[in-house]
Amino acid sequence: MHSIKNGQIFGKRAFLSLLLLLFTAAFCGKSLYASGKKDAARPGLSAGSVERSGDGEASLYWRLAEENGGVFVIDGAGNKVPLSVYSRIVVISPGAVETMYMTGGEAAIAGLTSGRDPIWPEEKTALLPDVGNTARPNIEAIIALKPDLVIGNAMTAALMADLASRGYTVLLHNADSIADVFNSAIILGQFTGREAEARLLVAEKQAELDRIKVELRANPLNLKGAFLYSASPIMAFTAESLPGEILGTLGAENIAAGLNAAQPILSPEYILAQNPDFLFGAMSITKPGDILAADSVIAKTRAGKEGNIRIIPSSLFLRPSPRIVENLLEMYRELRNMQEREDGK
């Protein structure tokens with residue numbers, strides 16, 4: 001098993017370079033990710049989708065379209081902005097802020113928002129102009145910064161529409177898959193003049209995911225569990241969500257997969273019948289005791305008996321930032337430790 005340090009699996013630089021070349025070649029002409037070249041725009045595709053190599057179509061929140069000789073980025077809400085370099089971006093999406101720092105494009109950030117969880121790297125983001133709460137930004141503070149682009153989040157669609165009506169260039173940032181995170185990372189790199197750095201970052205993160213998959217094929221995890229959205233009632237993320245995809249990537253069976261609703265309610269009878277090995281709490285769940293107190297049946301499951309109940313900060317797995325891969329690696333290590341304890345009995 002590869003060693004893990006600071007949440008990342010490290011390999012030789014030559015191996016990484018080779019992976020980067022293979023990664024780039026694999027998607028050439030059939031690209032999963034955005035390209036700044038006009039001939040890569042895909043106006044024939046429906047909004048929010050591009051081709052996924054070998055997997056049909058993958059729904060992406062940002063797509064490219066060519067119109068009147070120019071290339072535009074269109075978000076899932078229909079906002080459209082030129083694919084260009086911007087120098088004064090007010091960023092309301094914490095995931096976009098983190099991505100811009102990871103690619104060295106932070107000089108373009110004119111202002112950002114704050115919330116319950118700090119935005120990485122907090123020692124730097126704390127020094128930037130603050131335009132209010134991430135869910136309810138101050139429109140006057142945004143306008144005062146004279147942005148040439150405002151990047152919002154799914155909670156601020158109405159505010160973005162207001163700004164657009166005043167003539168400001170706006171785009172919503174969102175992601176429901178790792179592919180979505182990588183795609184938006186490259187476009188953010190293009191917005192800040194750091195496309196090469198963004199592509200290298202995506203290649204590195206994809207290589208880390210691929211190495212996990214290789215390990216899982218050789219030594220699979222025989223574990224099942226769920227990402228819980230709420231403890232009262234007990235609600236979980238299905239496979240059609242970013243947390244659900246994370247469980248699938250880690251080779252763990254999601255007991256909520258296939259259930260109806262985006263966050264289905266898990267009945268006590270269903271939980272007991274599934275007998276999960278682990279339960280991860282997020283969103284409104286703040287401590288393992290919240291899950292145990294949700295219903296007495298939890299203590300009767302393997303997760304309850306073995307103490308395999310964890311709280312995962314939502315900022316680690318719901319922010320559309322490539323840092324999600326580092327956090328996924330930490331979860332992989334945790335699940336591997338659970339598996340080894342099971343095997344040792």
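Throughout, read-outs are computed from the coordinates displayed, never taken from laboratory work. Please read all numbers here as calculations on a predicted model, not as lab measurements. A quick note on method: Cβ atoms are made from the backbone with ideal geometry, for glycine too, and the neighbour counts reach across all protein chains shown.
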Output for region 105-161, where each listed residue is assigned to a loop (DSSP other than H, G, I, E, B), under 19 Å from the mean Cα position of the chain (by Cα) and not aliphatic (A, V, I, L, M):
G105, G115, R116, D117, P118, W120, P121, T134
Residue in region 135-142 that is crowded, with 17+ Cβ neighbours inside 10 Å and charged (D, E, K, R) present
no
Could you list all residues from region 118-129 that are surrounded by 15 or more Cβ atoms within 10 Å (Cβ to Cβ), touching a helix residue (DSSP H, G or I) at 6+ places or on another chain (Cβ under 8 Å) and either without any contact (Cβ under 8 Å) to a residue 24 or more places away in the chain or not aliphatic (A, V, I, L, M) (or both)?
W120, T125
Which is more than 16 Å from R319 (Cα to Cα) and of a type outside the set (S, T, Y), of L145, L112, L188, L172?
L145
Please enumerate the residues belonging to region 222-244 that are polar (S, T, N, Q) and within 23 Å of R336 (Cα to Cα).
N222, T238, S241
Please go through region 229-279 and give me each residue that is under 18 Å from E330 (Cα atoms), outside any loop (DSSP other than H, G, I, E, B) and touching a residue at least 40 places away in the same chain (Cβ under 8 Å), ordered by number.
L242, P243, E245, I246, T249, F278, L279
What residue, of G189, G132, is at positive phi and surrounded by 15 or more Cβ atoms within 10 Å (Cβ to Cβ)?
G132
From the set of residues in region 58-101 that are polar (S, T, N, Q) and more than 13 Å from A185 (Cα to Cα), which is surrounded by the most Cβ atoms within 10 Å (Cβ to Cβ)?
N79
